[in-house]
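Nothing in this text is a laboratory measurement; each read-out follows from the coordinates by a stated rule. Everything numeric in this text was worked out from a predicted model, so none of it was measured. Virtual Cβ from ideal backbone geometry, glycine too; neighbours counted across all protein chains shown.
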Amino acid sequence: MTRMAMDLNAMAVFARVVETNGFSAAARSLGVSKSSVSKDITQLEDHMGVRLLQRTTRRLALTDAGAAFYERCARVVAEAEEAERALSQLQVSPRGLLRLSAPVGFGVAHLSGVVTEFQRLYPDVQIDLQLADRLVDLVEEGFDMALRISRLQDSSMVARKLCPMPLHAVATPEYLAQNGTPLEPRDLTQHNCLLYSYAASGDAWPFRQGERDVSVHVDGNLRTNNGDLILAAVLAHQGLAILPEFIVGHSLCRGELTEVLTDFRLPASAVYAIYPHSRHLSTKVRVMVDLLVKAFADPAWRVDPAKIHSSKGCQP
């Protein structure tokens, strides 16, 4: 524990050196001597067995290892400070304005209950919930947090996983009867594929079979930034689409849609609460995240994969 405590302290000192761009500034910020800061960094580098900072008389620069290590140090320090604040603020009621962004379809279908419960528990907080399928810039646009359904990519934000969100490649039985059922991803090039504008992979639909990645470029006569509109087109027998389970789950259960290419896996996806790194995470954000975690522990859209693929569907 002593070794761990010393390392955590040294990590905090290292993060402050990077953030203030110098030993002297870090020492003033921490209220310690410059020699103490220098000693902590040296001991940390000795313990890690790698140089983290390039020092000259005129400048200080991160090494490649130092840059990678700093990102993790900043997260550790932020989490430690958040834990300390959480303990000290247990009796403090959250208040003020909470600005939240969420996808349109998901927000309409699944956030009303969460918002109502939050209002009941924390009446001193004013919620500004903006629904948009585009990826908002939280810092530039002044949002406290956002909900995103995706593969986690943006490491500049703190991300709390709320629940998995499986993706499904689907079409109606009628469309497949008329146009044939794709057996391999490459067969999709012969189909009308309905495209989501904000898909991370663009027009390349990624699949995986065993240890083999299979990506196929697809095309179709509809591209839109809203998943519910794509669902409507699929249900009208216009083509195939890849959509998250909260949009297609009930249609799969009712037999209105058929899942295709089930021998292949689509990328893992999940619902995340995203918020900026901060040394002063507000109580209102923390309690909203905690409420979302509880609300989506057993989400209403979840369906049994075995029942989706059975002839009886999801009905008991």
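Eight or more residues apart or on different chains, and alpha-carbon atoms under 30 Å: count the Lys pairs in the chain matching that. It would help to have the intermediate numbers written out before the result.
On the way: Lys161/Lys284; Lys161/Lys294; Lys161/Lys307; Lys284/Lys294; Lys294/Lys307.
Qualifying lysine pairs in the chain: 5.
Considering amide H positions built from the backbone, and no H for Pro or chain starts, which residues 5 or more places from Val214, or on another chain, come under 5 Å of its amide H?
The list, which skips near neighbours in sequence, is Phe207, Arg208, Gln209.
For the stretch 112-123, what does the Karplus curve 6.51 cos²θ - 1.76 cosθ + 1.60, with θ = phi - 60°, yield as ³J(HN,Hα) per residue in whole Hz, taken in order and with x for Gly and Pro?
4, x, 5, 5, 4, 5, 4, 4, 5, 7, 10, x
Taking H as built 1.01 Å from N, whose amide H comes closer than 5 Å to the amide H of Cys163, not counting residues under 5 places away?
When sequence neighbours closer than 5 places are left aside, the close amide H contacts are Val271.
Rounded to the nearest 5, what % of DSSP beta bridges with both residues in the chain are antiparallel?
On the way: 28 of 40 bridges.
Antiparallel bridges: around 70 percent, rounded to the nearest 5.
Quick one: which residues, 5 or more positions from Gln126 or on another chain, have an amide H under 5 Å from its amide H? H modelled 1.01 Å from N in the peptide plane, none for Pro or chain starts.
HN-HN under 5 Å from Gln126: Gly96, Leu97, Leu98.
Using only alpha carbon pairs under 8 Å that are at least six residues apart, calculate the relative contact order of the chain and give it in whole percent. Can you show the working numbers first?
On the way: 462 pairs, mean separation 63.0, N = 316.
Relative contact order comes out at 20 percent.
By how many degrees, between 0 and 90 and to the nearest 10, does the Cα long axis of helix 34-48 differ from the longest principal axis of the chain?
The two axes meet at around 50 degrees.
To test your reading of the geometry: what angle, between 0 and 90 degrees and rounded to tens, separates the Cα axis of helix 64-88 from the longest principal axis of the chain?
The angle comes out at about 90 degrees.
Sort 249-259, 111-121 by packing, meaning the average of other beta carbons within 10 Å per residue, with the highest value first.
Top of the packing list down: 249-259, 111-121.
Under a plain spin-label model, where a point goes 7 Å from the Cα along Cα-to-Cβ, how far apart in nm are Leu131 and Leu183?
Taking the two extended label points, one gets 4.3 nm.
Charges at C-beta only: +1 for Lys and Arg, -1 for Asp and Glu. How large is the resulting dipole of the stretch 167-268 about its Cα centre, in Debye rounded to 20?
Using only the charged Cβ atoms, the result is roughly 80 debye.
Under the Karplus relation 6.51 cos²θ - 1.76 cosθ + 1.60, θ = phi - 60°, what is the ordered set of whole-Hz ³J(HN,Hα) values for the stretch 216-232, x standing for Gly and Pro?
So the J values, rounded to whole Hz, are 10, 7, 10, 8, x, 9, 9, 9, 8, 9, 10, x, 5, 5, 5, 4, 4.
Rounded to the nearest 20 Debye, what is the dipole magnitude of the stretch 111-176 about its Cα centre when Lys and Arg each give +1 and Asp and Glu each give -1 at the C-beta?
Details: 6 positive and 10 negative charges, 73 e Å.
Once rounded to the nearest 20, the dipole reads 360 debye.
For the chain, with a Gaussian network of springs between Cα atoms less than 10 Å apart, report the residue from Arg75, Arg223, Arg28 with the top mean-square fluctuation.
Most flexible of the set in this elastic network: Arg28.
Which whole-Hz ³J(HN,Hα) couplings does the stretch 194-202 yield from phi under the Karplus relation 6.51 cos²θ - 1.76 cosθ + 1.60, θ = phi - 60°, glycine and proline marked x?
8, 10, 9, 4, 9, 4, 4, 8, x
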